[in-house]
1. In the structure displayed, which of Lys86/Lys125; Lys44/Lys86; Lys50/Lys95; Lys100/Lys132; Lys108/Lys144 lie more than 23 Å apart, Cα to Cα?
2. Would you compute, from DSSP H runs of 4+ residues alone, the mean residue ellipticity of the chain at 222 nm, taking -39500 (n - 2.57) per run and dividing by the full residue count, rounded to the nearest 500?
3. What is the gain in length, in nm to one decimal, between Lys144 and Glu31 on full extension, counting 0.36 nm per residue of separation less the C-alpha to C-alpha distance?
4. Using the Karplus equation 6.51 cos²θ - 1.76 cosθ + 1.60 (θ = phi - 60°), what ³J(HN,Hα) coupling, rounded to whole Hz, does each residue of the range 151-159 give in order, writing x for Gly and Pro?
5. In the chain, if the dipole is taken from +1 on Lys/Arg beta carbons and -1 on Asp/Glu beta carbons about the Cα centre, which of Asn19, Thr79, Thr39 is farthest to the positive end?
6. Set the Förster radius R0 to 35 Å, insert the Cβ-Cβ distance between Gln77 and Val102 as r into 1/(1 + (r/R0)^6), and round the FRET efficiency to 0.05.
7. Karplus couplings for the range 101-118 from phi (6.51 cos²θ - 1.76 cosθ + 1.60, θ = phi - 60°), rounded to Hz, Gly and Pro as x?
8. Fewest Cβ neighbours within 10 Å first, please rank Asp148, Asp138 accordingly.
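Any read-out appearing in this document is the output of simple, stated calculations on the displayed coordinates, not a laboratory observation. Not measured: the values here are computed from a predicted model. Positions of Cβ are generated from backbone atoms using ideal geometry, with glycine treated the same way; all protein chains shown enter the neighbour counts.
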Amino acid sequence: MAAKKQEKGDPNSQTVCRNRRARFEYDILDEINCGIVLTGSEVKSIRNGKIAIEEAFARVRSGELWLVGADIAVYPQATVMNHEPKRIRKLLIRKQELQKVVESAAQKGLTLVPLAVFFSRGFVKVSVAIAKGRKLHDKREALKRKEDTREMRNATLRRR
């Protein structure tokens, strides 16, 4: 049912922004959906698609999860009540999930990367992944694998 709403362009359930580079540069180990604490002008700006999470990352500080480096553009109609575009924003997550994230983030070589920002039932959500960075040869191998599958798919389509 949610997929049908998304197809019709329902503003209450749609993906606003994706971090496409994250799946190329990192091996995704686990994914968690979080809420995010925002001001009114930030929500309106996100509804307009004025958000960038390519350079963002998540951090655990004093038992809470924070989104650092996400750029939400200033909403022009907000005038004096506008927000700071690159401020640190708190992510809302259950305690059990937070413990899992804290344990994973403490391991060497793992990082927390935002994958997507989306609306779910009218609320802004952020999909955060526990990820491990890829080396250059791993990236080349992934590109080669992707190209091979594309060639195989095209070959089967040509035969039909």
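1. Those over the limit are Lys50/Lys95; Lys108/Lys144.
2. After summing the helix terms and dividing by residue count, I get -10500 deg cm²/dmol.
3. So the chain would gain 38.2 nm between Lys144 and Glu31.
4. My calculation for the range 151-159 gives 5, 5, 5, 5, 5, 5, 5, 5, 5 Hz in order.
5. Asn19
6. 0.35
7. Per-residue couplings from phi come out as 5, 4, 5, 5, 5, 6, 5, 5, x, 9, 9, 10, 10, x, 9, 7, 10, 8 Hz.
8. Going from least to most buried by this count: Asp148, Asp138.
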